[in-house]
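Chemist: Please find one structure pasted underneath; my questions will follow.
Just so it is clear, none of the values below were taken in a lab; they were calculated from the coordinates. These numbers were taken from a predicted model, which means no experiment stands behind them.
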Amino acid sequence: MNTVRLKLDETLRDGRWHERGLTIGERHLSIMLRQVQAGCWQAFVNACPHQGRRMDFAQDQFLVSPNGSLVCPAHGAEFRPDDGFCVTGPCRGASLQILHIEENPHDQSLILSGPPLTSPQG
Ligand code: FES
C-alpha cells in the first residue's frame, strides 16, 4: 500500500473541506480533506461514486448540508462525513473512497494511505 505525503499548510486547519492534488507515479488524483479537531483528519478521493464527478463545485469549495453531510453538486447526493457513505441520492448505498490520513507533527505533513493511492506498478 502506497503512502503519500502532503505539506500541511495552515489554511487546511479551518475545519472546512479542502481539495488538494496528489501525484502517484504518473497519475494525478484529486482528494478532499478536512481537519476534524487537533490531530484528527478525514480524507476521501474527490470523486462521486455515481458518475465520478468531482465533489467541489469551485476551487476548494464543497457543498455541506446543515447536518454536515457532503453534497454532490451535480445531483444532490448526500454523504456522511465520517465514512463517506451515501445516505440519499442516485448513489445511495455507495461510498466515497476513504483514505487513511495522519498528521506528522514533526515535519508539518499529512501522511495519506489506502488502496486508491496504489500506483499501477504497486
Ligand atoms: S455524480 Fe454525484 S450523485 Fe451523481
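Chemist: Top mean-square fluctuation among Cys72, Cys40, Cys91, Gaussian network model of the chain, C-alpha springs under 10 Å?
Modeler: Comparing Cys72, Cys40, Cys91 in a Gaussian network model of the chain, the most mobile one is Cys40.
Chemist: Using amide H atoms built in the peptide plane, which far-off residues or other-chain residues are under 5 Å from Gln61 H to H?
Modeler: Amide H neighbours of Gln61: none.
Chemist: Turning to a different aspect of this structure: Step through the residues of the range 58-71 one at a time and calculate ³J(HN,Hα) from phi using the Karplus curve (6.51 cos²θ - 1.76 cosθ + 1.60, θ = phi - 60°), rounding each to whole Hz and writing x for Gly and Pro.
Modeler: Those phi angles translate into 8, 4, 6, 10, 10, 8, 10, 6, x, 8, x, 5, 7, 10 Hz.
Chemist: Tabulate in residue order the Karplus-calculated ³J(HN,Hα) for the range 97-105, using 6.51 cos²θ - 1.76 cosθ + 1.60 with θ = phi - 60°, rounded to whole Hz; enter x for Gly and Pro.
Modeler: Residue by residue, the range 97-105 yields 7, 7, 10, 7, 9, 9, 8, 9, x Hz.
Chemist: Could you pull the Cα extents of the chain along its three principal axes, largest to smallest, in whole Å?
Modeler: The Cα atoms of the chain stretch 40, 34, 23 Å along the principal axes, largest first.
Chemist: Okay, moving on. Over the range 18-108, what is the mean sequence separation of C-alpha contacts under 8 Å (at least six apart), divided by residue count, expressed as relative contact order in percent?
Modeler: 22
Chemist: To continue, here is another question. Sequence-distant or interchain residues sharing an amide H contact under 5 Å with Ala47, placed H: which?
Modeler: The list, which skips near neighbours in sequence, is Met55, Gln97.
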